[in-house]
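Note sheet for the following structure.
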Amino acid sequence: QVQLVESGGGLVQAGGSLRLSCAASGRTFRSYAMGWFRQAPGKEREFVAAISCSGGSTYYADSVKGRFTISRDNAKNTVYLQMNSLKPEDTAVYYCAATPQDIVVAGPYEYDYWGQGTQVTVSS
């Protein structure tokens, strides 16, 4: 089992940057592929990015491709989401998630563990 805690959210102007972090408990972090999702008010949770266990494979939603970068540091049990060129439509609660399968997938049902979320607000 793994517990996830996100941090790094906040208020930023359009065009700005933020880096989200997700710290995982447990000694088996490197055995979990990780994902980032987001949920805006009144909308369904949507996929943002995913990364394989080793970090060698990544996958992005079209809406963030070229602006966001997912990475991980297995020595620190942490996955990151670097968000650049932020837009007001990126405003949402951002969640990290973990799956024991070494796959990069967009479906939230593939992930077994979720963090509590961190708020990102982008002002215009």
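The values are calculated or read from the model by the stated rules, or taken from the named source; none is laboratory data. Bear in mind that the values here come from a model prediction, so they are computed numbers and not experimental data. Methodologically, a virtual Cβ is constructed for each residue, glycine included, from the backbone with ideal geometry; neighbour enumeration extends over all protein chains shown. Just so you know, the surface numbers come from the protein's heavy atoms only, side chains and all, with ligands and any DNA or RNA stripped out. Shrake-Rupley method; radii C 1.70, N 1.55, O 1.52, S 1.80 Å.
Testing L11 on (1) assigned to a strand (DSSP E or B); (2) buried (at least 16 other Cβ atoms within 10 Å of the Cβ), one condition comes back false. Which one is that?
Unmet condition: (2).
Report, by residue number, each residue of the stretch 42-83 that is open to solvent by 10 Å² or more (accessible area, probe 1.4 Å), of a type in the set (G, A, S) and part of a strand (DSSP E or B).
Result: S71, single match.
Given the criteria within 15 Å of the chain's Cα centre (by Cα) and not hydroxyl-bearing (S, T, Y), does A61 qualify? Let's see the steps before the verdict.
Details: within 15 Å of the chain's Cα centre (by Cα): yes; not hydroxyl-bearing (S, T, Y): yes.
Yes, satisfied.
Which of the residues belonging to the stretch 84-124 are farther than 17 Å from V5 by Cα, touching an Asp or Glu at 6+ places or on another chain (Cβ under 8 Å) and open to solvent by less than 50 Å² (accessible area, probe 1.4 Å)? Lay out the reasoning, then the answer.
Within the stretch 84-124, the subset farther than 17 Å from V5 by Cα is 84-91, 100-110, 121-124.
Next cut, touching an Asp or Glu at 6+ places or on another chain (Cβ under 8 Å) only: 100-101, 103, 122.
Selection gives V122 alone.
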